[in-house]
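Scroll down for the structure; my scribbles are underneath it.
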């Protein structure tokens, strides 16, 4: 009940007239800037902002990409204090909503560094209200100080911190404060329903952010780009334990993929399995002649398709086992160029990890014989090897579109799977039920 009460209060505050939300609301927005909310919000330190990478260069390496990702911040996305910080951020943003929100920028607004433009002051006011711009620089052309504030905003929203107002940046600037509150509410609701055994070492994948973090002693010591589920095949949220690292793994193709995709390939190209180094096996792992199989795709396969280890394998050279009800895991890929993309929602549900050999070495650090050089050498042999962790490491795949880190920086990401609205609608229905139950003598006990 306490959680539902908070959501109801924050929603009520967010529904207050937002004078700064309309396209012609520059004056109203400017009015809010004189009384900025007492935010539990801070812009990232300048060093962190400068470290925020643009899109990786075509010649970037897994090591350079993960180093750039780690340079963003050493503060975990998810730790034991996340729930309270998100609650604080939601209340602060609700305060902004009550004061009129932030002004919206025209959809065709253009900004040029070093040149005065008609919307420069409006941009300053917008960034001032959200805590991204200092109050003593509320007017003037698009100068280095304003570009720095734009970089801070971009870093908080997962955008390339270039200091240039790109179309994606403009769209993020124009997201109403009410929607940001709802994102924080949804994130808070998810964490309230989670039970995760934080330890000295753990791994977190925040799906909307497409990053994985290795956390040790409350600090992020590794951060990697990841590729997660497509919008039509979203990766699940879960908590599990990492139990082993598999080198040179085989890939047992899920029956859904065998039915929908492998069958389609075989109907067009009977040599597809051979070219992809795939075997067809019966229930006892005995080989089956592919030409004897019904590839019509009309029935659930009564066979198994397994891809051999090697450079062609879809799992790459490393698989990280983490038993869970969804049969998903973290792994390498043979298409590493995809990690250069900003949009990384392209898997069937598993999480492909950039520089995964580095993560494997971190997971196996309690076994000195399995350092990075030893892992590389074992992979080079081409032989499959399963390395069990003497102590299991907790892992969480979470879905936070809004959160606040320990340095008081509030972050937002797009609700790529459209799950925030669904969750808040379900929560509102539950709250309405308990409200009605509290007023009925036969069901009042349910609301206690």
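Annotation: residue 324 fulfils all but one of (1) assigned to a loop (DSSP other than H, G, I, E, B); (2) in contact (Cβ under 8 Å) with a residue 12 or more places away in the chain; (3) outside the structural domain of residue 200 (by TED's automatic domain parsing); the unmet one is (3). Only one of the listed residues (317, 373) is at pLDDT 95 or above, over 21 Å from residue 202 (Cβ atoms) and crowded, with 19+ Cβ neighbours inside 10 Å. That residue is 317.
For the residues 414, 355, 340, the requirement of being closer than 27 Å to residue 75 by Cα and modelled with pLDDT under 95 singles out 340. Looking only at residues in region 253-270 that are loosely packed, with under 14 Cβ neighbours inside 10 Å and farther than 14 Å from residue 349 by Cβ, the one that is nearest to the chain's Cα centre (by Cα) is 264. Which of (1) over 15 Å from residue 246 (Cβ atoms); (2) over 23 Å from the mean Cα position of the chain (by Cα); (3) not in a helix (DSSP H, G or I) is the odd one out, the single condition residue 346 does not satisfy? Here residue 346 clears every test but (2). Residues of region 75-93 that are closer than 18 Å to residue 128 by Cβ and either touching a helix residue (DSSP H, G or I) at 6+ places or on another chain (Cβ under 7 Å) or at pLDDT below 95 (or both): 89, 93. Quickly run through region 417-443 and pick out the residues that are crowded, with 17+ Cβ neighbours inside 10 Å and either part of a loop (DSSP other than H, G, I, E, B) or modelled with pLDDT of 65 or more (or both). Hits for region 417-443 are 417, 419, 420, 423, 424. Does region 150-159 contain any residue that is over 18 Å from the mean Cα position of the chain (by Cα) and either more than 23 Å from residue 72 (Cα to Cα) or surrounded by fewer than 20 Cβ atoms within 10 Å (Cβ to Cβ) (or both)? No, there is no match, as no residue in region 150-159 is over 18 Å from the mean Cα position of the chain (by Cα) and either more than 23 Å from residue 72 (Cα to Cα) or surrounded by fewer than 20 Cβ atoms within 10 Å (Cβ to Cβ) (or both). For region 99-133, filtering for residues that are part of a helix (DSSP H, G or I) and surrounded by fewer than 17 Cβ atoms within 10 Å (Cβ to Cβ) leaves 0.
Against the numbered list (1) modelled with pLDDT of 95 or more; (2) within 24 Å of residue 75 (Cβ to Cβ); (3) surrounded by fewer than 18 Cβ atoms within 10 Å (Cβ to Cβ), residue 393 comes up short only at (3).
The values are calculated or read from the model by the stated rules, or taken from the named source; none is laboratory data. Treat the numbers as computed from the prediction; the structure is a model and nothing was measured. Glycine gets a Cβ as well: all are built from the backbone with ideal geometry, and neighbour counts include every protein chain shown.
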